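Participant: Below: one structure in structure tokens.
The values are calculated or read from the model by the stated rules, or taken from the named source; none is laboratory data. All values reported here derive from a predicted model rather than from experimental measurement. Cβ coordinates were reconstructed from backbone atoms using ideal geometry, including for glycine residues, and neighbour counts include every protein chain displayed.
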Amino acid sequence: MHPAINRLAPGALATVLLSACASMDEPPALPATQEAFWDNLTSHCGNTYAGGLASSDERDEDFEGRQMLAHWAQCSDNRVAIAFHVEDAGAPGGWDRSRTWLITRNADGLRLKHDHRHEDGSEDAVTQYGGDTLSAGTARVQDFPVDAYSIAMFEREGLDVSLTNVWRVEVSPADAPGAMFAYQLTRRNDPTRLFRVEFDANDPVDTPPPAWGW
């Protein structure tokens, strides 16, 4: 303990420690547009929305025609976990529940990570990849270029095609007319690459079972 703190009276010391703990728990400040985006994102907490594939890249033909759900499974002051469920006749119970999007706020902005699990809850070899915002974005759109951790993992796993990934999250306030939520993938070195799923955020549906591992 710092000598100056050690000399404090017990009551004053308790005040200092409580203030320090409180400041550690407070969400870090964000640029105004990211604060607005965070407010929009958290306005959906607890809800589930139905959607589907909105892009037409032939590389995603396995997703065509499949029902999809986005479930705001957990919300805290600093993190939102959105489970991404995909209808799959070959998966247990007819659904692939392996994916969860994690959006966190930190001192440098917003971060998106992908939590991928197997049915038994164990982590997939390719998981916790994503990136951090490089700009303030807008109240409804934030981009997340691939980070160094993810690049190293993609190289290790032979996924060189993903080394220039940019993920996008779009969200409207829950009470906005025509509210929507979208997740999108593009690549800086491949202008033809587009994976995009959209959800009707005006019409909540029944809550699905938890994502695998959650």
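Participant: Checking residue 175 against (1) of a type in the set (D, E, K, R); (2) touching a residue at least 40 places away in the same chain (Cβ under 8 Å); (3) surrounded by 13 or more Cβ atoms within 10 Å (Cβ to Cβ), only one condition comes out false. Which one?
Facilitator: Condition not satisfied by residue 175: (3).
Participant: Right, next: Residue 195 is checked against (1) over 17 Å from residue 101 (Cβ atoms); (2) touching a helix residue (DSSP H, G or I) at 6+ places or on another chain (Cβ under 6 Å) and fails just one. What number does that condition carry?
Facilitator: (1)
Participant: Could you list, ordered by first residue, the pairs with Cβ atoms under 6 Å in which the first is in segment 38-51 and over 12 Å from residue 180 (Cβ atoms) and the second is among the aromatic types (Phe, Trp, Tyr) and modelled with pLDDT of 95 or more, at least 6 apart or interchain?
Facilitator: Filtered contacts from segment 38-51: 45/72; 46/72; 47/72.
Participant: Among the residues of segment 49-67, what is the count of those that are more than 19 Å from residue 191 (Cβ to Cβ), in contact with an Asp or Glu (Cβ under 7 Å, 6 or more places away or on another chain) and of a type outside the set (D, E, K, R)?
Facilitator: 5
Participant: Is it true that some residue in segment 199-210 is in contact with a helix residue (DSSP H, G or I) (Cβ under 6 Å, 6 or more places away or on another chain) and surrounded by 14 or more Cβ atoms within 10 Å (Cβ to Cβ)?
Facilitator: Within segment 199-210, the first condition is being in contact with a helix residue (DSSP H, G or I) (Cβ under 6 Å, 6 or more places away or on another chain), and the residues that meet it are none.
Checking segment 199-210: not a single residue is in contact with a helix residue (DSSP H, G or I) (Cβ under 6 Å, 6 or more places away or on another chain) and surrounded by 14 or more Cβ atoms within 10 Å (Cβ to Cβ).
Participant: In segment 157-177, what residues are assigned to a loop (DSSP other than H, G, I, E, B), within 20 Å of residue 131 (Cβ to Cβ) and among the aliphatic types (A, V, I, L, M)?
Facilitator: If the condition is that a residue be assigned to a loop (DSSP other than H, G, I, E, B), within 20 Å of residue 131 (Cβ to Cβ) and among the aliphatic types (A, V, I, L, M), then 159, 163 are the ones that fit.
Participant: Quick one: which strands (runs of 3 or more DSSP E) lie wholly within segment 39-117 and hold at least 1 residues that are in the same structural domain as residue 137 (by TED's automatic domain parsing), of a type in the set (Lys, Arg) and more than 12 Å from the chain's Cα centre (by Cα)?
Facilitator: 95-106
Participant: Is it true that residue 70 is surrounded by 16 or more Cβ atoms within 10 Å (Cβ to Cβ) and modelled with pLDDT of 95 or more? Before you say what the answer is, go through the steps one by one.
Facilitator: On the way: surrounded by 16 or more Cβ atoms within 10 Å (Cβ to Cβ): yes; modelled with pLDDT of 95 or more: yes.
Considered against the rule, which asks whether it is surrounded by 16 or more Cβ atoms within 10 Å (Cβ to Cβ) and modelled with pLDDT of 95 or more, residue 70 comes out as yes.
Participant: So which of 54, 29, 83 ends up being in contact with a Pro (Cβ under 9 Å, 6 or more places away or on another chain) and aliphatic (A, V, I, L, M)?
Facilitator: Every option except 83 fails the conditions.
Participant: Take residue 40 and tell me if it is surrounded by 15 or more Cβ atoms within 10 Å (Cβ to Cβ) and touching a Lys or Arg at 6+ places or on another chain (Cβ under 7 Å).
Facilitator: On the way: surrounded by 15 or more Cβ atoms within 10 Å (Cβ to Cβ): yes; touching a Lys or Arg at 6+ places or on another chain (Cβ under 7 Å): yes.
Criteria met by residue 40.
Participant: Can you tell me which residues in segment 178-189 are in a loop (DSSP other than H, G, I, E, B), touching a Ser or Thr at 6+ places or on another chain (Cβ under 6 Å) and closer than 16 Å to residue 51 by Cα? Walk me through it before giving the result.
Facilitator: Restricting attention to segment 178-189, the residues satisfying the condition of being in a loop (DSSP other than H, G, I, E, B) are 178-179, 188-189.
Restricting the remaining residues to those that are touching a Ser or Thr at 6+ places or on another chain (Cβ under 6 Å) gives 179, 188-189.
Scanning segment 178-189 gives a single hit, 179.
Participant: Among the residues of segment 118-150 satisfying the criterion of being in a strand (DSSP E or B) and out of contact with any helix residue (DSSP H, G or I) (no Cβ under 9 Å at 6 or more places or on another chain), which is farthest from residue 164 (Cα to Cα)?
Facilitator: Taking the candidates together, the pick is 123.
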